[in-house]
1. Check LYS325, LYS303, LYS317 and return the single one that is within 28 Å of GLN198 (Cβ to Cβ), open to solvent by 30 Å² or more (accessible area, probe 1.4 Å) and in contact with a Phe, Trp or Tyr (Cβ under 9 Å, 6 or more places away or on another chain).
2. Since ILE286 meets every condition but one in (1) surrounded by fewer than 20 Cβ atoms within 10 Å (Cβ to Cβ); (2) touching a Pro at 6+ places or on another chain (Cβ under 6 Å), which condition does it not meet?
3. For the structure I just gave you, tell me whether GLY19 is on the phi > 0 side of the Ramachandran plot, open to solvent by less than 60 Å² (accessible area, probe 1.4 Å) and over 18 Å from the mean Cα position of the chain (by Cα).
4. Hand me the list of strands (runs of 3 or more DSSP E) wholly inside segment 200-293 holding 3 or more residues that are modelled with pLDDT of 95 or more and either over 25 Å from the mean Cα position of the chain (by Cα) or closer than 18 Å to LEU187 by Cβ (or both).
5. Which numbered condition trips up THR326, out of (1) under 27 Å from GLY166 (Cβ atoms); (2) among the polar types (S, T, N, Q); (3) assigned to a strand (DSSP E or B)?
6. Could you pull out the residue among ASP353, ASP362 that is among the acidic types (Asp, Glu), free of Cβ contacts under 8 Å to residues at least 24 places away in the same chain and under 23 Å from LEU290 (Cβ atoms)?
7. Just the residues that are under 24 Å from CYS150 (Cβ atoms) and β-branched (Val, Ile, Thr), please, taken from segment 305-348.
8. Looking at segment 35-59, which of its residues are under 15 Å from MET7 (Cβ atoms) and among the charged types (D, E, K, R)?
Amino acid sequence: MKEKHYMRQALWLAEKGRGKVNPNPLVGAVIVRAGKVVGEGYHGYYGGPHAERVALKQAGELAKGATLYVTLEPCCHYGKTPPCTEAILKSGISKVVAATLDPNPLVAGRGIAKLLENGVEVSVGLMKEQSEDLNRVFNHYMTTGRPLVCMKYAMTMDGKIATASGKSRWITGEPARHKVHETRAELAGIMVGSGTVQADDPLLTCRLPQGRNPVRVVCDSRLSIEPEAQIVRTAGEVPTYLAYCNANESKCKQLRDSGVHLIKVTEDDGRVDLSELMSLLGKQGIDSLLLEGGASLNESMLKAGLVDQVHLYLAPKVWGGASAKTPVGGLGIDDPEKGYGFKLQDVERIGEDLLLTYERNDHVYGNH
């Protein structure tokens, strides 16, 4: 089917913007006239021209009477750029085939309505599932107002993330570690707890040559982080947020002077209220987080119902040890029927390791 071929091309183009457009959606567009592609484009960076406008510019006069295939409903409001519906109508496009509607409340069907009102033929739903999968982060962010949280950890075959003595380098091989940095480049932020900072003094950056550094978020209830920590010393180079409940003003000033952004959050049982923090981060335009916390923060995020995805890297090793660390701490679940439920979405072999990707299963997760 020719229509699917053109939409696949649009989806492929949209992928080129991954990691560059947050918190905007990934969008690709293809313009076809008389069976020939006359224009194509994608949203390449935040604040840049939308896919439709790029494709229309390439098509020029050939857009008149043509069909536009686009992975998301064209916008109809003024944001960083003018409405795409305006450009489509001006171009003389006769038909628009959109994969799915835009969940953004400022659009949400209004773009389609605007086109129909002005005599443009519109079809919605071609390769809808693929488009929704493409924009899983954007759709979640638009409908919840908080970032999509992907909990990532690497463990041995017997479920250990560190030996009994606390050593953990390296669980996985170099190809798997490279994949993690690709994910860091794709998601808007990375989050850890103060314990991870104190134990490992990480940079939490993307080490890929052309990779974008994620915003760094640290949960540190009492601002125990030391000014010498790498993430404090580099806060002027990489946006860094510290979420806290209580701290003296002199420590706050010291950290602010280092370039750290402080977020004061309500205290919840002696710790940062994670639900409130997610809402505050969402308001900062952070649409996604890679959770690389230790066992304690992982448990707290699961318990708060804030983990949407899991990336589990499984290494072909057995470490053993009754006191060796596992990915999730706390007291754990007493009733096996009330575990935090996820459904397997993908299995990928990366070198000698496996990457298992899971999505939250609300039918099971909600039993708590």
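The values are calculated or read from the model by the stated rules, or taken from the named source; none is laboratory data. Keep in mind that what you see is a predicted model, and the values were worked out from it rather than measured. Cβ sites come from the backbone with ideal geometry, for glycine too, and all protein chains shown count toward neighbours. Calculation scope for accessible area: heavy atoms of the full protein, side chains included, ligands and nucleic acids excluded. Shrake-Rupley method; radii C 1.70, N 1.55, O 1.52, S 1.80 Å.
1. LYS303
2. Going through (1) surrounded by fewer than 20 Cβ atoms within 10 Å (Cβ to Cβ); (2) touching a Pro at 6+ places or on another chain (Cβ under 6 Å) one by one, ILE286 breaks only (1).
3. no
4. Correct list: 215-219, 240-244, 288-291.
5. (3)
6. Going through ASP353, ASP362 in turn, the sole match is ASP362.
7. Across segment 305-348, the qualifying residues are VAL307, VAL310, THR326, VAL328, ILE333, VAL347.
8. Hits for segment 35-59 are GLU40, GLU52.
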